[in-house]
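J.: This is the structure, below, for whatever I ask next.
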There are 2 protein chains.
Amino acid sequence: MENYRTYLTEEELPTHYYNLRADMEKKPAPLLNPGTMQPMTAEELEGVFCSELVKQELDNDTRFFEIPEEIRDYYKTFRPSPLVRAYNLEKVLGTPAKIYFKFEGNNTSGSHKLNSAAAQAYYAKKQGLKGVTTETGAGQWGTALSMACAYFGLDCKVFMVKTSYEQKPFRREVMRTYGAEVTASPSDTTEVGKKILAEFPGTGGSLGCAISEAVEAAVTREGYRYVLGSVLNQVLLHQSVIGLEAHKALEKLGVTPDIIIGCTGGGSNLGGLIAPFMGEKLRGEKDYRIIGAEPASCPSFTRGKYLYDFCDTGKVCPLAKMYTLGNGFMPSPIHAGGLRFHGMSTILSELYDQGLMEAVAYEQTEVFEAAEVFARAEGILPAPESSHAIKATIDEALKCKESGEEKVILFGLSGTGYFDLLAYQQFNDGTMTDYIPTDEDLAKGLAFVPPQPEEK
Amino acid sequence: MENYRTYLTEEELPTHYYNLRADMEKKPAPLLNPGTMQPMTAEELEGVFCSELVKQELDNDTRFFEIPEEIRDYYKTFRPSPLVRAYNLEKVLGTPAKIYFKFEGNNTSGSHKLNSAAAQAYYAKKQGLKGVTTETGAGQWGTALSMACAYFGLDCKVFMVKTSYEQKPFRREVMRTYGAEVTASPSDTTEVGKKILAEFPGTGGSLGCAISEAVEAAVTREGYRYVLGSVLNQVLLHQSVIGLEAHKALEKLGVTPDIIIGCTGGGSNLGGLIAPFMGEKLRGEKDYRIIGAEPASCPSFTRGKYLYDFCDTGKVCPLAKMYTLGNGFMPSPIHAGGLRFHGMSTILSELYDQGLMEAVAYEQTEVFEAAEVFARAEGILPAPESSHAIKATIDEALKCKESGEEKVILFGLSGTGYFDLLAYQQFNDGTMTDYIPTDEDLAKGLAFVPPQPEEK
């Protein structure tokens, strides 16, 4: 019998990030300067991001980027992550399918976010910067970044959406323990924050607003740059370590997946997981069904439009062409579990547009039902985000049960739900409800999308 | 260079629990029936515990107990746990010491407790029981048990200290997600609970009181038994998997520790970690310094007495001979992090009394300082309990720095602090204070210790 958990050795850890864009015939659309509607230049981006990361962001051709030894050493404090055969879930479902998951939650940030935080902190330090700024919602990304900054000796300023800062203080305290300065957003420490506070006194803030504050805090401070935990090309590049490890581990087991599933918010987890597999598919070497699982309450892929849009509500960021619900879209507050971003990675958006991957949307109660089944069978309490992928996996595994097919399913378990117990409590109490935006809600969200550039 | 993390393969996992008592010349004192002051018989214990566990509890001679395949399969969902070389901590401290830790926190219960919960749930199921009852404070043990019961298909009733139930609802929700029934203790579902509620209306409860309720709930229900997460011989037996894995991993690395350190509350973590090493020491094959690290606010080893005492405040449990602060001792509410039990494992008590191990007590602010240093260096946010061992390790490593000695230190990182963020917040805010019981406090705690049996 195969092992439950397969760990690569440290010698087998990836030495290079894999840049999926190099294998895409039609490249993802470039970021645009919203003023000129021209592609952002390296020079323009370097005011916001550190130089090496700008290079990675713009490079659509280099297939592999070497992972510096310092980052690899840091990875060894929490990687390799295990590839797990979900024997118990298979048994509970009674499916002939073979289910594997790549588990990224075994680190204090609780998710895959640390993979990119490590790289971004390292490059900032190497450039001689003093610190970095970022935004965080519930705090997964902020936690990851504060950990990486503590390790590399970098100052870390986190703008945390005020409602989360007040109502979910635990991740805030993790960040503080790692030495980060955590500010409730909107705050009076930035001009954009002051403006928002004046316009909407008493507002609980939003991710888009926190982004605007973090960017301002970076560009107005000597020796600081802004960093972002998802959506960007560079982030998907760093996250390719997930897929590279999973690919190698499956190869050692002599197993080829038929279906690869991941949850999608900004796309960093799915983009990282599928990278080497999608590369094979693009090069015509293999074929895989690839499925992104998203919340029905924030359905960027399944109900969004493929348009140029702002990534932030303050509209200080460049335009990205992506599947978007519009920067005016606000997911309902009853939506409990992450994946709240209105847009999507431009890489995944382009792949989806080309029909190279599918997407499916789930309501939150069915997602938590899947989470409970998984937790009881496999022991791990999954993050609500990751549970979208679990739900899709269970659905596919049950189809196999019906058809008798022994398909191999690989899914990404991007994180743990230890800081999402308020949502689990709602589910346990039976008070959790579902929300699906109406067509009118979606129209409102798209109302703020800027005029589109002409197609070339 | 040695790896950061050493994982055994699944084939190398222990196949047998190691019973340290078999190698003790002077055995730990037997549990006594408080009515007759005679050693508890198997028959008496079988009303409370399931039969196989009673056998393990009473057997001082059998060196190895085979781990049933079903338990080993379950272990594979979260074991082997990594043996980690703390390179980054060594660097931060500038010590020539080599520091290793055995990390037991990478499972949803967040600690080593799951090792024994697995065994206890399995044996209860095998005996055809319907369910088990237990008590829990902050919820680590209750979480572990609810996970194991979900896996083995067993009903799980947890009495949770009321203050924790209300103020720390997150682990309660984890337990509910795994299907456990969680009752705030004292409750009106038991006679002892009703009595305590009548006597102390509005009380927030205590661990000792929750034990009494759980035991009553087990013995008055058909098909139920009581299970306990620490202190007992059977628990230390199950926890020997920690030490057995660590021993084998170090052997593979060709490393022999000079000092072995663990935190001590009821003794399950340290007892498990040291088992095979202490065995070598008892058999005269090797010598190790072994150190238990405990809170100065609940200093069983360093300021307790070696006496027969009740394990619970309701006095429904047998008497155990142990280092005890007296069953009337209540740790100050300002003490934030676990290890609150007034007594200690009889095995460790006997070893300590024979001078085979040392103990050291720390105040909580210095423990959290050590936790912060560790978290920033090694990434993992440690449980406050485990941080006592970190503090002792740092102290020993700094002594090595002074003397220039390259000692090898192994410590047990028994768990993570993800559910202890209120305590971290106090520490981050600078509002955490220390508490050391006065001699008068200790005298009060011992006032309820029963008359001692005559020495034979």
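J.: Given chain A, what percent of its DSSP beta bridges are antiparallel, to the nearest 5?
T.: 35
J.: If you don't mind, another one. Would you mind computing, in nm to one decimal, how far apart the modelled labels at B:GLU70 and B:MET1 are, each placed 7 Å from Cα along Cα→Cβ?
T.: Between B:GLU70 and B:MET1, the label points sit 4.6 nm apart.
J.: Under 5 Å between amide H atoms, partner at least 5 residues away or on a different chain: which partners does B:ILE261 have, H built in plane at 1.01 Å?
T.: The answer is B:ILE291, B:LEU410, B:PHE411, B:GLY412.
J.: Could you tell me the ratio Rg/Rh of the protein assembly as shown? Both radii from Cα atoms, Rh via Kirkwood.
T.: On the way: Rg = 27.7 Å, Rh = 28.3 Å.
For the protein assembly as shown, the value is 0.98.
J.: Still on this structure, please answer the following. Can you give the helix-only mean residue ellipticity at 222 nm for chain B, where every DSSP H stretch with n ≥ 4 adds -39500 (n - 2.57) and the sum goes over all residues, rounded to the nearest 500 deg cm²/dmol? Each step should come with its number before you reach the end.
T.: On the way: 18 runs with 191 residues, N = 456.
Dividing the helical sum by the residues of chain B leaves -12500 deg cm²/dmol.
J.: Quick one: Karplus J couplings for segment A:353-358, per residue in order, coefficients 6.51, -1.76, 1.60, θ = phi - 60°, nearest Hz, x for Gly and Pro?
T.: My calculation for segment A:353-358 gives 4, 7, x, 8, 8, 10 Hz in order.
J.: Sticking with this one: Give, as ranges by residue number, the residues of segment B:331-345 whose backbone N falls under 15 Å from the point 7 Å along Cα→Cβ of B:THR438.
T.: Correct set: B:332.
J.: Follow-up. Below 8 Å between Cα atoms, with a sequence gap of 6+, how large is the relative contact order for segment A:364-430 in percent?
T.: On the way: 63 pairs, mean separation 24.2, N = 67.
Computed value for segment A:364-430: 36 percent relative contact order.
J.: Can you list the HN-Hα couplings for segment A:40-47, worked out from phi with the Karplus curve (6.51, -1.76, 1.60; θ = phi - 60°), rounded to whole Hz and with x for Gly and Pro?
T.: My calculation for segment A:40-47 gives 4, 8, 4, 4, 4, 6, 6, x Hz in order.
J.: Right, here's the next one. If we count GluC sites (Glu not before Pro) as exposed when they sit in a DSSP loop and have at most 11 other beta carbons within 10 Å, what is the longest stretch of chain A that avoids them all? Don't jump to the answer; show the numbers that get you there.
T.: On the way: sites that count: A:GLU25, A:GLU222, A:GLU285, A:GLU406, A:GLU454, A:GLU455.
That would be A:26-221.
J.: Express the relative contact order of segment A:293-403 as a whole percentage, based on alpha carbon pairs under 8 Å and six or more residues apart in sequence.
T.: Numbers: 163 pairs, mean separation 30.3, N = 111.
With pairs under 8 Å counted, the relative contact order is 27 percent.
J.: How many nm is it between the label spots at A:THR15 and A:THR256, if each spot is 7 Å from the Cα in line with the beta carbon?
T.: Modelled inter-label distance: 2.7 nm.
J.: With r defined as the distance between the Cβ atoms of B:GLU358 and A:ASP287 and R0 fixed at 56 Å, what FRET efficiency is calculated, to the nearest 0.05? Working shown, then result.
T.: Values: r = 63 Å, r/R0 = 1.12.
In this case the efficiency is close to 0.35.
J.: Using a 7 Å offset from Cα along the direction of the beta-carbon, what are the separations from A:LYS194 to the same position in each other copy, nm, ascending?
T.: With the label placed 7 Å along Cα→Cβ, A:LYS194 yields 6.6 nm.
J.: Now for a different question. Please report, in Å, the Rg and the Dmax of segment A:239-328, where both are computed over Cα atoms only.
T.: Expressed in Å, the Cα Rg and Dmax of segment A:239-328 come to 15.6, 49.
J.: With labels modelled as points extended 7 Å from the Cα through the Cβ direction, what inter-label distance (nm, one decimal) is found for A:ILE334 paired with B:ARG221?
T.: 3.5
J.: Round to the nearest 0.05 the FRET efficiency obtained for A:GLN127 and A:GLU402 when R0 = 45 Å and r is the Cβ-Cβ distance.
T.: Working: r = 55 Å, r/R0 = 1.22.
My answer for the efficiency is 0.25.
J.: Continuing with the same structure: Counting heavy atoms of the protein chains only and a 1.4 Å probe, report the per residue accessible area for the protein assembly as shown as a whole number of Å².
T.: Working: 31220 Å² over 912 residues.
In whole numbers, the protein assembly as shown has 34 Å² accessible per residue.
J.: Work out, step by step, the length gained on full extension between B:VAL92 and B:GLU191: first 0.36 nm times the residue separation, then minus their alpha carbon distance; give nm to one decimal. Let's see the in-between values first.
T.: Working: separation 99, 0.36 × 99 = 35.64 nm, distance 5.45 nm.
Contour length minus Cα-Cα distance gives 30.2 nm.
J.: Mark the label point 7 Å from the Cα of B:MET37 along Cα→Cβ and return the residues of segment B:303-347 whose backbone N is within less than 15 Å of it.
T.: Zone members listed by number: B:307-310, B:319-321.
J.: Work through the residues other than A:LEU207 whose Cβ is under 9 Å from its Cβ and net out their charges, Lys, Arg +1 and Asp, Glu -1.
T.: Its environment carries a net charge of -1.
J.: Compute the orientation-averaged projected area for segment B:77-232 from the convex hull of its Cα atoms and round it to one decimal in nm².
T.: Numbers: hull surface 44.6 nm².
One quarter of the hull surface, i.e. the mean projection, equals 11.2 nm².
J.: 7 Å along Cα→Cβ for the label point: how many nanometres lie between A:GLY404 and each equivalent label in the other copies, listed shortest first?
T.: For A:GLY404, the inter-copy label distances come out at 7.7 nm.
J.: Shortest first, in nm, what separates the label point of A:THR302 from those of the same position in the other copies (7 Å along Cα→Cβ)?
T.: For A:THR302, the inter-copy label distances come out at 5.8 nm.
J.: If you average the C-alpha positions of segment B:320-354 and of segment B:136-181 separately, how far apart do those two centres end up, in angstrom?
T.: 23
J.: At a Förster radius of 25 Å, what calculated FRET efficiency corresponds to the Cβ-Cβ distance of A:GLU46 and A:GLU181, to the nearest 0.05? Show your work: numbers first, answer last.
T.: Details: r = 24 Å, r/R0 = 0.96.
For R0 = 25 Å, the calculated efficiency reads 0.55.
J.: Please state the equivalent ellipsoid semi-axes for segment A:316-397: what are the square roots of 5 times the Cα gyration tensor eigenvalues, largest first, in whole Å? Let's see the in-between values first.
T.: On the way: eigenvalues 146, 56, 20 Å².
Three semi-axes, in Å: 27, 17, 10.
J.: Rounded to the nearest Å, what's the spacing between the alpha carbon centres of segment B:25-61 and segment B:265-316? Just the number, please.
T.: Using only Cα atoms to place each centre, the spacing works out to 19 Å.
J.: In whole Å, what is the distance between the alpha-carbon centres of segment A:374-449 and segment B:215-241?
T.: So the two Cα centres are separated by 36 Å.
J.: While we're looking at this one, here's another question. Can you give me the convex hull volume of the Cα atoms of segment A:273-416, divided per residue and expressed in Å³? Please report the intermediate quantities before stating the final value.
T.: On the way: hull volume 18.4 nm³, N = 144.
Convex hull of Cα atoms, per residue: 128 Å³.
J.: Using a/c under 1.5 as the rounded threshold, could you call chain B rounded, prolate or oblate? The axes a ≥ b ≥ c are square roots of the C-alpha gyration tensor eigenvalues, and prolate needs a/b larger than b/c, oblate otherwise. Could you put the intermediate results ahead of the total?
T.: Details: a/c = 1.38, a/b = 1.27, b/c = 1.09.
Here chain B falls in the rounded category.
J.: Explain nothing, just compute: Karplus ³J(HN,Hα) = 6.51 cos²θ - 1.76 cosθ + 1.60, θ = phi - 60°, for every residue of segment A:247-258 in order, whole Hz, x for Gly and Pro.
T.: 4, 5, 5, 5, 4, 4, 7, x, 10, 10, x, 8
J.: How big is the C-alpha Rg of segment A:55-109 next to the rule-of-thumb value 2.2 N^0.38 Å, as a ratio? Can you show the working numbers first?
T.: Numbers: Rg = 17.3 Å, N = 55, 2.2 N^0.38 = 10.1 Å.
That works out to 1.71 for segment A:55-109.
J.: Leaving out ligands, DNA and RNA, calculate the buried accessible area for the pair B and A with a 1.4 Å probe, summed over both sides, in Å² to the nearest 100.
T.: On the way: alone 17680 and 17710 Å², together 31220 Å².
The B and A chains share an interface burying roughly 4200 Å².
J.: With the cut-off at 29 Å, tell me which of the pairs A:LYS168/A:LYS248; A:LYS102/A:LYS286; A:LYS76/A:LYS130 have Cα atoms farther apart than that.
T.: Working: A:LYS168/A:LYS248 38 Å; A:LYS102/A:LYS286 20 Å; A:LYS76/A:LYS130 25 Å.
Too far apart for the 29 Å limit: A:LYS168/A:LYS248.
J.: Sticking with this structure for a sec: Using a loss threshold of 10 Å², tell me which positions in segment A:381-429 are less accessible in the complex than in their chain alone. Probe radius 1.4 Å, ligands and nucleic acids ignored.
T.: So the qualifying set is A:LEU381, A:TYR418, A:PHE419, A:LEU421, A:LEU422, A:TYR424, A:GLN425, A:ASN428, A:ASP429.
J.: Give me the accessible area of A:ASP441, 1.4 Å probe, in Å² rounded to the nearest 10.
T.: Solvent-accessible area, nearest 10 Å²: 40 Å².
The values are calculated or read from the model by the stated rules, or taken from the named source; none is laboratory data. Source: prediction; values computed, not measured. All Cβ positions, glycine included, derive from the backbone under ideal geometry; neighbour counts span all protein chains shown. Calculation scope for accessible area: heavy atoms of the full protein, side chains included, ligands and nucleic acids excluded. Shrake-Rupley method; radii C 1.70, N 1.55, O 1.52, S 1.80 Å.
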